[in-house]
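Q: Here's a structure for you.
Bear in mind these aren't lab numbers, they're just calculated from the coordinates by the rules spelled out. Computed from a predicted model, the values in this text were never measured in an experiment. All Cβ positions, glycine included, derive from the backbone under ideal geometry; neighbour counts span all protein chains shown.
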Amino acid sequence: MMEKTDRTATTNSLPGTLPMARIDGVRVRGLRESKGLTQLYLATVVGVTTDTISRWENRRYPSIKLENAEKLAQALEVELQAILEQDDGESQPVPAAGGTSNQTPVATPARRSRSPWVLFVVLLAVLGAGGAGYLLFRPHDITVSAERILPAHVPAGQSFPVLIRVRMSEAGPVSLIIKEVLPPACVVVDSEPALTTFDARNRTIRWISRAKTRQLTFAYVVRAPAGAAAGEHLDFAGSITLKQGGRDRVPILGAATITVAPFHWADANSDGIVDDEEILTVYDRYSDMPKLKFGRDLIDNIWAGRGYYWDGKTGKYVVLGNGRDRETEAQRP
């Protein structure tokens, strides 16, 4: 997270109005171009259109919402202060058309003409060097693929983890936007790494990541709707946007649907127990996510017992073991 800066001279916060920030559009465009970012990339991160980004860069809207300015700075990988308009900056004087200057003219030495053959040889050398430089230093196209891993089922009102594994053709660094659209009435209760944005109205979550390795994993825990009916399907959709190019979005493949059913999500074959193979699968998949709250203790209890069943009336798992049944509160990460 970026540190807060003193915005007294660059923002307004009148009562009843949204906090605003005055951005330097020329500086924004320069930063974007120097980092090889597209207007589409910035628009996706901030949540606006490319036309809006263009207007900001051309200073048609110098004052924008502070929230958008902070997202813009994050996308450009700079502090907020770096894109704010400076009040103490001095404008460069622009001479009026047809105006005169008080400066004493300086004599310009006469240029000696050069042979056309010399110019031709110099031109060939420049073109040759430029071509070699392009072949040596031209940016490589990095391809990306992504797979979503979902459990097969979950009871209504219960939480379950979602994994997104991203693979790239070569190591970065490269900036990515991972976007997921959740099923209706589903709620995100945890994630690793932390989400960059969560739009509850559009049920959309996003991460912005600077990838330096060929493989990355993003995970989040979702609570299924409490009123979902048995047999109902909860559908997911998502995409990956690369900084490079920025025009094409790669869909997230793999599992896209989880079914509402009276079985714990770790019980993959729905037989009322979590066996050795199933618990090892859980630990293998989520071993790199030690802080992710997906109900690890409950799964351990079910595995250690003789089985379990889901009590839909009480909203609890009943774990069987040690000669007596014990009710276990439904997981609430």
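Q: Going down the table (K35/K291; K65/K291; K65/K293; K71/K293; K35/K179), which pairs top 30 Å between alpha carbons?
A: In this structure, K35/K291; K65/K291; K65/K293 lie more than 30 Å apart at Cα.
Q: Let me ask you something else. Counting Lys and Arg as +1 and Asp and Glu as -1, each charge on the Cβ, what is the dipole of region 144-329 about the Cα centre in debye, to the nearest 20?
A: The calculation lands at about 980 debye.
Q: Subtracting the Cα-Cα distance from 0.36 nm times the residue separation, let me have the gained length for K313 to L253 in nm, one decimal.
A: 18.0 nm
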